[in-house]
Structure formats: structure tokens, C-alpha cells
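The values are calculated or read from the model by the stated rules, or taken from the named source; none is laboratory data. No experiment lies behind these values; they were computed from the predicted model shown. Glycine also receives a Cβ, built like all others from the backbone with ideal geometry; neighbour counts cover every protein chain displayed. Surface accessibility is based on the protein's heavy atoms, side chains included, excluding ligands, DNA and RNA. Shrake-Rupley method; radii C 1.70, N 1.55, O 1.52, S 1.80 Å.
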Amino acid sequence: MTGALAFAALVEIAGRAGLAEFLPPASEILQRAAALLFDEGFRAHAGTSVLAWAIGLAVAALVAVPLGVLFGSVPVIDAATRAIVEFLRPIPSVALIPLVALLIGTGLQLRVTLVIYAAVWPILYNTMYGLRGVDPVARESLRSYGFGRLSVLWWVSLPSAAPFIMTGFRLATGVALILTVSTEIVAGRGEGIGVFIYFAGIAVPARMDDILAGVVWVGLFGVVVNALLVAAERRLFRWHHTRVGGGS
Amino acid sequence: GDSTTTSAPTSTAAANGGLEKTEIKVVGLPAIDTAALYVAIDQKLFEKEGLKVTPQIVQSSPEAIPMLLNGEIDAMFGNYVSMFQAHDQGALKLRILAEGSRAAPDSLSVMALPDSPIRSAKDLEGKTINVNVLHNFQELALTQVLKANNVDPKKIKYVQVTFQNIMPAWQKGQIDAAYLGEPMVTAATSQMGARKILDPASGPAAEFPISGYVSTQEWYEKNPNTAAAFQRALHAAAKMMESNRELVVDVLPNFTQIEKATAATVTFPYFSSSDNPVRLQRVADWMVEAGWLGKDIDVASLMSPTTSG
Amino acid sequence: MTRLGGALLRWPLLIVLVILWEVATRAAGSAFFPPPSTIVTRMHALWFSGPPGRLFLTDQAVADILPSLGRMAGGLAGGATAGILLGLALGLSSRAYDYLDGVLQFLRAIPPPALVTVFLVVFGFGMRMQLAFIMFSIIWPVLLNTADGARAVEPLYLETGRAFRLSRRERVLRIVLPAALPKVFAGLRLALSLSLIVTVFAELLPGTTNGIGFQLTVAYSMFNLPAMWAGIVLLGVLGYLLNEVFLVVERRVLGWHHARETAGA
Amino acid sequence: MLEIENLTHIYGGGGPSAHHAIDQLNLSVAEGELLCIVGPSGCGKSTLLRSIAGLITPTGGRIKVDGELVRQTPDNLAVVFQDYSRSLFPWMSVADNVALPLRRKNMDKKRRREAAAEALESVGLSGAGRKYPFQLSGGMQQRVAIARALAYRPTLMLMDEPFGSVDAQTREDLEDLVLKVRGHHKMTIVLITHDIDESVYVGDRVVVLSKAPAHVVADLQVDLPSPRDQINTREHPDFVHLRAEVGRLVRGQPVAH
Amino acid sequence: MLEIENLTHIYGGGGPSAHHAIDQLNLSVAEGELLCIVGPSGCGKSTLLRSIAGLITPTGGRIKVDGELVRQTPDNLAVVFQDYSRSLFPWMSVADNVALPLRRKNMDKKRRREAAAEALESVGLSGAGRKYPFQLSGGMQQRVAIARALAYRPTLMLMDEPFGSVDAQTREDLEDLVLKVRGHHKMTIVLITHDIDESVYVGDRVVVLSKAPAHVVADLQVDLPSPRDQINTREHPDFVHLRAEVGRLVRGQPVAH
Ligand SMILES: Nc1ncnc2c1ncn2[C@@H]1O[C@H](COP(=O)(O)OP(=O)(O)OP(=O)(O)O)[C@@H](O)[C@H]1O
Ligand SMILES: Nc1ncnc2c1ncn2[C@@H]1O[C@H](COP(=O)(O)OP(=O)(O)OP(=O)(O)O)[C@@H](O)[C@H]1O
Ligand SMILES: [Mg+2]
Ligand SMILES: [Mg+2]
């Protein structure tokens, strides 16, 4: 909280000092952001974005965790697919927009597809690395009771890796949000916060206050989602948090 | 040119029988150049032709090409340079349905800030100028005008700067001169005291065609009557707009971020009320000259005769 | 698994997919999806038909690839360092967490394209803006994973460090960091490919005049689709190669981790 | 029940850091027998146990359980690991830890819970079921690991220094508990211990291993009267004699490096 | 050297899952003394040790080391943790593990390495320095933890069941090693053990704790001739008497839950 205030103060000073004659001070941005809350049009934009975000994220999680488990626990599959996976990973979604648009159209499905494409990786890799960090003694002890690979996975590896997978999911929420809005900015149709931001940008003069107010809402949404997830983690992984304690 | 009747009864008859498709989706851009589409809707000109046109706005015209190809839309508003390139590269088989806009004097402008040392076209040599998209119509026209002004076009450095970043980049000295279109020309003149250095729509590039309404050859062959009706309505709109600025001012807020007050003061491009392959051919030829096309394009073969009065 | 075995496994699937792709794209005949052979030919012409003395790189390759790699490396190094430092701070100090977490979570959700003007105003055109842009984007996986790793260090490791009164610096450097390292590496691996992606994004920023991303956008804006695909494939290949290098480093640094995991099994 | 032939294990596969842990070890255990294994620290006892449990694949020789070659973990086996604290799952309560393996046993939830509670009680932890492992002391954790193995009712139970972290009194109680359970449920038990008295007290046989690479140095039958008794058995002349004998044998095998 | 007054510790802060581990415990240890602590499993011995080491803040009472209140870990202190395998750092070689704490000691790299090698040799692990902890057996890991504490040359050494995982011979060697080191370097040592013989053999005093919540039940002076000797001391009538006494006292404290 203190940090947030300090940050806002910084932006305010920067804006007022005219470090940037194009950046409005924080107070103005926040005022505008508050006003947008009552703007029906903006709320519709926000709704569309959240929908694309949520669908994309959900699908990404459903795809990435099993894939991560597969890659993490069957080295052969990991080796056989690595060339392809590592080839695909660095391809930027901007380059894919026209291709995906051509294949599946440009509506919600375009945004959702690109969100999935980007959000899969953090979950996938945190799952893979999380599984690798499981204490071998813990795994062995269940194996020794005759539990098969899948059972060991379910009862030991996944719970043990769960906090880290969750961190991957938290990463993915941010990535998904960024991708949703960015795709909208570059190629949005109709509605979406990104479309809102885009149009604010092409006004003459550019409506920086609108752009930044939109950004504030995106950021706040990210903060709220993160807070919810952290709270969920604390409950779900109480064993983890009480044991390791830690600053947070 | 070759006129047919545009009276309401005939059109209605066409709507009943002749039109292959009565509901079409058309993509426009959030720029003044698209105004004819909205005026035609506003003035019920499409309706008169028996067409129901649903407009849609995209950020830039290349994005709409996939939509055209996968049938999401029927036609789109795009700049010729992009469209010719797409055609040349085989990305789509272009069909120009109707011309859209041409550069009017003062609707485009290369400008310098009041305290800039740039005073004449010659001063632009070695300087950095922004364009919206590299290798597009802005460069194409300016090259011709520079040549006519004895400036070596090769000595200009172009950088791509998105719309909202032109002003900050300019004021922070990241670009030496700004290549602006409306409404930024008006805004820069009145608010920043910017000086016009060169009008890119002058001399050899006067009335330079910028963009038009296009579709694919395939779509056109399937829907020739719809295409003709569409063209007629747009031409009719352009005609009305020639004599009545207010029509344009009224529709601008519908699809651009230009408010009414600003709209009243800006310079509009020319809206084409007929199609003319000759002037369009000039664009294609310049592109060949710039090395942007692999082969010549015979523009006339992509166009239909003007059927409007 | 032996190296050879790995290689034997790795290529067949890829080759089959490429062949399928070739067949499919030839059949479809869409200009948007040129067949791999066309792409490879184009890549060769664009970048790899130079003189042998220059490793067959063309001038264009030097103009496109090197600046991108430079930006990427700079951004990655900066972002990773910042991510690890901030992550450690956040994972270890509840005070740092209280002060920074809200702001960082806020920043994390912000789409960089919306902030281009801000970056432009603060940093101006060119390298500084691009580096800032890349760092701002790739820091998050490193930061969050490091924080997670630092928080989840086996308590007895920490107690051992405290019992022997290691200085705070040494505890962080010799205990927390190595213990968190497997997770940090997961973050770095994500950041690696992300840095390529973001480099491309950064090369769309106002004022850029070279780089793969620049080449890619110019190609697309001129509908030179084979050239665009060449850029995409080049990115993929670079990503793959960088990842291989990364894995070699990881195997060295995390040798203990992998060995322990596979010991006995 | 258990036959080990020429078992050899080398860690680190022939490389420069290879370690020869077990060398040509032969051993067999009859059904229902309780075999104690003693040997110097680092000689290869845990390695032997892991091989029997099918958790590592020995580099040579073979192991049969119930006449079948061990390729993966044999059925109805339970292991108490030396590193008990790491073998408990930190995300589960103690009771859940004990009950988890019973899922293999076609028991419904209620019966699993009862069995777990019973096993915990038998090791003196009746109140600890709802705690998490990290909330227990070392000795208590070790007893949880024992309870988990006992609740499972294996036919073959492998115990790696299972009583190392509990006090003398508890240790005796647990020894007697193992003896009792073995009698009731016909378990075969292989128990590694460093406590020579213990090996003689609970074992039907005591096998002494050499320093690394381990092989069998001595295989002593323990013919003490049953049921054993903490006071009488330990005073029995055979007990005194045997423990001295085992002690001598172990001491003859100086520690491995 | 060490004074503990009315030490009380309650885990889980007053909540429903609170556990009263130590209750009003008083104890003092003189400089150079070797104090053994015995007590039932789960009574609070490790908790006591952690409090002395300043790793947990007890909920009541106070602890002074060298006259100073323990707020954080006192200087020149070394701990051998009960959970030795988790107290070794898996990313460091064994030698590095041992040498790490010496960084506090103004030693250059070479001397650190020598000191580590020496300590490893003294616990019988001279060849293991370059291995990683996971490549060692349980008992070897425990000895590494001991070597680490010894190399550090603390003035106060806290050992939590330090010899639980090694064989009888090694155990005796280590007992003697600790006695020797103590004599040479004037260490004060607090050693927790479950082995009653051991407590009497190595201890100058043996303190018996009650079942949880722990307090001191008995505090016995061990007046056996020095230097101790594995054969003669254990045959000494006082030894026999004392171990019986301690045994009785421990057994009088049935196990905690
Ligand atoms: N994963 C491994 N890699 C390499 N060497 C190993 C590994 N595990 C064990 N060893 C070595 O094998 C030998 C036997 O180890 P093992 O754990 O079987 O000994 P042990 O008899 O159980 O000893 P202790 O009584 O100390 O537990 C030891 O010298 C050890 O260093
Ligand atoms: N973190 C914790 N949270 C809650 N309770 C705890 C925690 N740590 C220990 N306890 C409880 O405190 C009591 C004392 O634990 P401690 O580890 O001190 O016992 P101990 O005497 O060392 O036993 P052992 O000989 O078995 O190691 C135990 O009953 C244990 O359940
Ligand atoms: Mg062992
Ligand atoms: Mg303890």
C-alpha cells in the first residue's frame, strides 16, 4: 500500500514537473479512471477483454498442466518434441495475427487463441520444473507401496509441485492480460480495453489520460487477480506456507 | 462517363432481382478518408440501391485482408499501395470496387516546428521524417514531390512512428520534420505553430489517389450487380459531399476520434465520385519505379466502369 | 538418455511435421502459407548466401540478426539480473514485499504496447527505449519464480546458515540463491524465449530501423509473405539454438539438482 | 520368500566417480522370518534394501521375492526409510500420510481412517493424526513412518534403522510391537540396525555385512526362546554371547569411506 | 557459560492447535562442560536446543550464553541438527559443506579447505570430500554434519542425536572424538541422545527431561575417571550404576503424544 502511494506520488510529480508534457499527472489519470467506471461504453470494452482473458487462461491451464506433466515425467516425449516446442516458443504473436486471423477468423477466437498461445508457456514450464524438484525420497516411499507412476504423480509429484505450478499460473494471468490487451490494440475489432486504448491514441491530440486510465484499470485488475490467487494459495498450500513461513 | 439510371424505382427493382447479395459487411478505417461509406449509410444511399451495409472499423487495412479472404467481410477500404502489394505478392486477387479518396492540397503536409532550421524542401536532405508505415503511400508521393523540387529523395531518413507518438517524438527531437495528415495538420498549425515545408500532394503528386474500396476478384465475379450497386452508392455519396461539407462533419465522430468542432476546421481529402484508371495507374507505376512491385500492374483490368451518373 | 539417443528421438518428429507441412501448404496454395521449401529458399537468399569468409552471412543478415541478438542479450541480462535481485528481495523480506508487491503486480499486468508513448517520452528513440521495453517485459517470470524459490527454501537450510552465523549476504548468496536456482532457471528459460518475442515487439517501436522484428513487419506490410515466414522461422531457429545453449548451462549449474533427482532410479 | 543371488551394485556407472557399493552378495530369507542386517556405516545396507524394493536396478545379480524376479516394486511390500522425515508428505496430515498407501488395498475411506488411527496409536501417537509432519519431533516422525508401514500390513517389510531417533523406552516398545505384528500377520521382515543388542533381540537371524563393497561376512541364527522379553531375553546367556559375537564381527569391519 | 531460566515454549501461539513443548525449564552449563540431555521422544529436546541457538524465540523465560541474553544466534556456536540430511546443502560438495561456516572465521580459502579435510578425516570420511551429500549413506551424511561443526571450533556446540545413524564401532570412535576435541579446544557441549549408555559415557552431567511439556526431572553429575575409555569406563561400577539410574528415570517418563 505504502509502495502504491509512493508510486502514484512519483507519477504525479513526473507529470506535474512536465518531465513529460505528454504525461498527465497521476491525480488526473486516477480521476479519469474513476470516471470510466461509470462509462457504459468502457464497461462493455472491459467485459469483452475479461471474457477473452478468462477463456484463454482457462484453456491454457487445462492444456499446459497435463503437457507439463507429460514432458516433465516422460523424458522421451520431452526429447522428441523439444525441437518443435522450442521452435514455436519464440514466435511472437504479432507475427501470427494475420495467419491466425485467416485460419479462424478475427472475432473473440483470435484473441483467445493468441492468449492461449502465450499463457501456456509459464504454466507448462513451471509444471515441468516443479515436478523435477520433487524430493526423490518422497516419491520412492510411495512407489515402494506399489503405487504406479500415475498414482505417484497424483499423490506426490503434483501436490509437491503445486505451489510452483500456481506461481506459473499467476505468471500466466499477467501474460494473458497483456496479450489480450495488446492484441486488441494491434488488431482488435469492436470492443475491448485495447480497442479503447487504441482509439484514445489516435485522437488528436492523443488522449493520454484515457490511455493511462485504461492502463490503470488493467493494472488494478492484475493486482486484484493476483491477490485472489495469493489468498487461494495460502489456503490451498497451508502446509507449504506454515512450514516455510517466509516474509509473505 | 457511361451513365445508367440511378432513379429509385430501378434500384428497387434491382434489389428484388439483380443483386446477388443484399447484406454486406465492409471494413473501414478510423480516418476521414472512409467518410463516403458513412455518408452513404447516413443518407440511405445504400438502402436506395437495395443494400444493407454493415460497417466495421479496423486499425489498419492490411489486417482486413485475412477477413476478406476467409469471407468474414465482403469489401474493405484500403490504401492502394498496400492493396497493390498484396495483389502483386499473390496474397489476394484484387478487385477495386470504387475509388475512395485522393489527396487534396493541404490535407497532407510535411511540417517543421517553429524554431526548426528547416525552411525549404532542400533542408529536408539528411533529415529524419516519420511515416505511419514504411514503404507506403506517404513515401511514394513525397518522393515524387521531392524530385520535382530538386531534392534527392534518397537522402531522407524515414522512421515508422505510430499515430499517437508522432507529436511526442517530434517535440522531443526524435524526428526533424513531421509528415502529417488531417486532422493533425490543422492541430499542429494551430496549437504548435508548425510551419508547412512541403505539400506532398502537389506537383506530380497532386490529387494523388490514396485509398479505395476493394474486394477480391472472386467475390466480384460472384456478385457483379451488388458490386455495381455498392459503387453507385459510394459515388453518389461522394457527389453529395462535394457540395456539402456538413454531411462529412456529421458522420466523422461516428468512426473517427475527431470531434465535431475539429471536424469543421480540417481540410478534407477529395472523395472520388467516379473511377478513373488513369490516375490510379500512376500509383502502380510509381511503385514499380520504387521497386515495390515485382511486375507492372494493369490497373484498368482490376476496375469496373463507373456506372453512376 | 545419451546424447545420440536424444538426437535420434528429436529429429524424426520434426522432419515428419515439416514434410506434412510442405504437402499441406502446396495443396492449399495460399500465399499466406508458403511451403517450407520456399521459406528456406528465401531464408537462404536473404541471409545465408554470403561469402564463406563471413560464415555465409549476407549483409542483410548482419543488419537484421546481429542488432536483434544484441538487443535481446542486453535486455535479457538486464531483466534477468533485475528479476533475480527483486525476486530475492521480495521472497526474503516482508518489508520489501509490503512496499513493492502491489506496485509490481500492477506493473506486471500492464500491456507494454499501451505504454509506448511513456517509454518514448522517458527514453527517446532507439536502444535505450528498446532495452527498457524488453527488460520491462521479461522481468516477470524471473522475478516471480525467484521470489517463489526464495520463499520456499528448506527452513533447515536457513537455520543452518543462521546457526553458523553466516552474514546475511552470505546466506543469500550461498544458501537462498542456490536453493532457489532450479526455480530461477525455470523463470530464465521462460524469459529467454520471451526476450526474443519482445525484441521483435521492441523493433516495432517508433524509430527502429533494423532487426528481425523490423524486417518482419516491413515484410508483412509489403505482403512479402515468404520473407515474413523467413523471419518467423529464423526466430524459431534462434529460439531453439538459444534454448540448447541454455540447457547446457543449466545442466552445468544445476548438475547437483538433476543428479540427485535421477540418483538410484 | 526372498532370495538374493550375486547381487552387485555400482553407483555412477563406470565413470571416474563410480562407487562399488555391493559386491556379489548372496542372501535368502524365509517366509515369516525376521532378518536383521548390521554392518559398518556406508557399507551398502540401504542400497541393498532399495534393490529389494525395486527402487534401484542393481548392476548385477538377481533378487527374487516370492519366486519372482524383482523388476519393479514387489506387491505387498512396505519400506521404512532411513530418511524418514523426507519420506513423509508435508502437504498431508499425519493421519493422511499413514492412510495413503491403504488406497491400494480396496478399503473404504472410513476403514482407512480407522486403520491409520490404530497404527498411530500402536506407535504411541494417538493424538497426532491431525498434525502435519513438520509439527512433530524427529522421533515422532520416525514413528509415523513406522505406523504407515504397519498399517499397510505388508507381507514383506523392509526397515532401515527404524528406531534410531526414539528414546530407549519407546525403542523397546517398538521392538516388541514389531515382533508382535510379525507374529500376528505372518510378515517377513528385513531390518537394518546399528544397535547390536537390538539385532539379536528382535532377529531370527543376524547378517553381518562387510565394509563397502558389501558382502555377507556372517549369517548367525538367533535361537532365543520366543516370545522374546525385554528383561529375560536380554539376560539370556545366548543373547549375551551372540551380541558379543556380532559386536566382534562388526568391529572387524572398519568403517567405509 | 549457559544459563536457562524458566524457559517456556508454546508452539502455534495460543490457538486450538497450540502445543506446550517446554515448561519452566531451568538449567545451567559451566564452561567446558559436556552436558547430555535425555528424555522421551517428542518431549521438547530439539526445541530446547533451537532456543539456545537462537533459532526460535521461546515464548517465555530467558537464556543467557556467556552472560548475554540470546536474541539471535550467539557467536561461536555450532549445531549438529537431528535432521542432518536436510541440514547439508545439496548443491555443495561435502568438503564445501564443511568449509562453508569457516568463512566467518577470517580464514583464507586454502586454510578453510585444509580444515575441512582434516575434520572429514577425523570422522572417517577422508575420501568423501568431493562427493555430493546425496551420494553418501545416511550415516556418512551424519558424520559430515558432525565434521562441519567440529571444523568450526565453536566454543559452544549443540548436538542433537549426533550419532544415531552410525554403526556401533563408528559411534564409539565419534564419542571419543568429541571427548578429545572438547579437551583440546575447551568447548562447552550440549548433547542430546537417546542412548543412555552414551549419555553416561560422554557426559560430565546427564539431565533427564520429563515428557512434554519438558522440564528437568533429574540432573546427575557423572563422576567417572578421565580420560574415559570405551572398555574400562563402561565396566566401571559407577557407570553401571548411573546408567541404570538414568534408565529408570527415562522410563519413568512415558512417551509424549
Ligand atoms: N546415489 C549415490 N551415488 C553414488 N554413491 C552412492 C549413492 N548412494 C549411496 N552411495 C554410496 O554407496 C555406499 C553405500 O551406501 P548405503 O546408503 O547403502 O550405505 P549404508 O550401509 O546404508 O550406510 P549407513 O549405515 O550409513 O546408512 C556409500 O559409500 C555411499 O557413498
Ligand atoms: N513447528 C512445530 N509446530 C508445532 N508443534 C511442534 C513444532 N515443532 C515441534 N513441535 C512439537 O513440540 C514437541 C517437542 O518437539 P521436539 O522436536 O522438541 O521434541 P524432541 O524432544 O526433540 O523429540 P525427539 O526425541 O523425538 O526428537 C513435540 O510434541 C512436537 O509435536
Ligand atoms: Mg543407510
Ligand atoms: Mg528432536
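Computed quantities for the displayed model
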item	result
Protein-protein interface of the stretch A:22-47, residues with accessible area decrease of at least 40 Å², isolated chain reference, 1.4 Å probe	A:22, A:23
HN-Hα J in Hz across the stretch B:281-287 - Karplus 6.51, -1.76, 1.60, θ = phi - 60°, x for Gly and Pro	4, 4, 4, 4, 5, 4, 5
For q = 0.14 Å⁻¹, Debye-computed log10 I/I(0) when each Cα of chain C counts as one equal scatterer	-1.10
Cα centroid separation - the stretch D:180-221 against the stretch D:1-20, whole Å	21
For residue E:214, distant residues with modelled amide H under 5 Å away	E:22, E:23
Cα shape, chain D, gyration tensor, a/c 1.5 rule	oblate
Among E:103, E:243, E:50, residue whose mean-square fluctuation peaks in a GNM of chain E (springs only between Cα atoms under 10 Å)	E:103
Pairwise label distance in nanometres, residue C:82 with residue D:103, each label 7 Å out on the Cα-Cβ vector	4.4
Residue (of A:215, A:48, A:239) at the positive-pole extreme of chain A, dipole from beta-carbon charges	A:239
Gap separating the Cα centres of the stretch C:159-195 and the stretch C:199-265, nearest whole Å	26
Karplus (6.51, -1.76, 1.60) ³J(HN,Hα), θ = phi - 60°, over the stretch A:161-173, in Hz, Gly and Pro reported as x	8, 3, x, 6, 4, 4, 4, x, 5, 5, 4, 5, 4
Amide proton proximity set for residue B:210, modelled H, under 5 Å, gap of 5+	B:101, B:102, B:103
Label distances, nm, residue D:241 versus same residue in remaining copies, Cβ-directed 7 Å point	3.3
Residues in the stretch D:220-234 reached by a label modelled at residue D:245 [backbone nitrogen below 20 Å; 7 Å Cα→Cβ]	D:220-229, D:232-234
Listed residue (C:259, C:113, B:168) projecting farthest to the positive dipole end of the protein assembly as shown, Cβ model	C:259
20 °C / 1.002 mPa s Stokes-Einstein diffusion coefficient of the stretch B:69-190, Kirkwood radius on C-alpha pairs, µm²/s	133
Karplus 3J(HN,Hα) series, Hz, for the stretch A:114-121 with 6.51 cos²θ - 1.76 cosθ + 1.60 (x for Gly, Pro)	5, 4, 4, 4, 8, 7, 5, 4
Exercise: per-residue mean of other protein chain Cβ atoms within 10 Å, A:194-203	6
Distant-in-sequence amide H partners of residue E:8 (H built 1.01 Å from N, under 5 Å)	E:24, E:25, E:59, E:60, E:61
Farthest toward positive dipole pole in the stretch D:82-152 [+1 Lys/Arg, -1 Asp/Glu at C-beta], among D:142, D:82, D:93	D:93
Above-threshold pairs, the threshold being 19 Å between Cα atoms, out of B:122/B:196; B:127/B:154; B:21/B:44; B:21/B:222; E:105/E:180	E:105/E:180
Label 7 Å beyond Cα on the Cβ vector: residue E:186 copy-to-copy distances, nm	6.7
Dimensionless Rg ratio for the stretch B:157-301, taking C-alpha atoms and the 2.2 N^0.38 Å reference	1.26
Average beta-carbon neighbours from other chains, 10 Å sphere, peptide E:97-106	3
Among D:240, D:65, D:216, residue whose mean-square fluctuation peaks in a GNM of chain D (springs only between Cα atoms under 10 Å)	D:240
Computed FRET value (nearest 0.05) for residue E:111 with residue E:11, which takes r as the C-beta separation and R₀ as 25 Å	0.05
Minimum Cβ-to-axis distance in chain D for the rotation onto chain E, with residue, whole Å	D:164, 2
Net charge of neighbours whose Cβ lies under 10 Å from the Cβ of residue B:175, counting Lys and Arg as +1 and Asp and Glu as -1	+2
Average partner coverage of A:219-226, which counts Cβ from other chains inside 10 Å	5
Across the identical copies, how the residue D:230 labels are spaced - nm, sorted shortest first, 7 Å along Cα→Cβ	2.7
Over chain C, relative contact order from alpha-carbon pairs under 8 Å, at least 6 apart, %	22
Distance (nanometres) between label positions extended 7 Å along Cα→Cβ at residue A:31 and residue A:109	4.6
